[in-house]
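Bear in mind that the values in this text are calculations on the coordinates, not laboratory data. Every value quoted in this text rests on a predicted model; they were computed, and no experiment measured them. Glycine gets a Cβ as well: all are built from the backbone with ideal geometry, and neighbour counts include every protein chain shown.
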């Protein structure tokens, strides 16, 4: 049974493997991270852990029984006791199975119980139909246009959910 775990230093090799294996797949619906992300992975990963330690973000990975990462589920720009931005990505081989919807729902519960948040927001491009479906099934509602700067230059929509 996959388990949602708070991001830790020892997840780094599995996260890098996940990002590398799914890079081309992710680029079909969201902006590519670029070569610099992979070249500077260790420094960037350490920076994420520092942000998490500071309490401005909370990063999670969905870990399979074999230790591989099936998805990343993150809360960004946390405003204590109020809001955060949700972001997520799942491995291509588990798409269409309800993994993203179930895990987004679990993270919504954690957002309230563990992080004291009341509202989550998420932006998705107009082309990313799968993400729109995940957000809707997880209880999010459209909440206005997202600026292309929030979506790698793509037009999109903000979604919101009270938790």
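Structure values in brief
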| quantity | calculated |
| --- | --- |
| Ellipticity estimate at 222 nm from DSSP helix runs (n ≥ 4, -39,500 (n - 2.57)) divided over the chain, nearest 500 | -10500 deg cm²/dmol |
| Most to least packed among 11-23, 123-135 [average Cβ atoms within 10 Å] | 123-135, 11-23 |
| Burial order of peptide ranges 109-119, 144-154 (average beta-carbon count within 10 Å, highest first) | 109-119, 144-154 |
| Cα centroid of segment 85-152 to Cα centroid of segment 1-73, whole Å | 16 Å |
| Spin-label pair residue 37/residue 162, simplified geometry with 7 Å Cα→Cβ offset, distance in nm | 3.4 nm |
| Gained length - residue 133 relative to residue 97, 0.36 nm times residue gap less alpha-carbon distance | 11.7 nm |
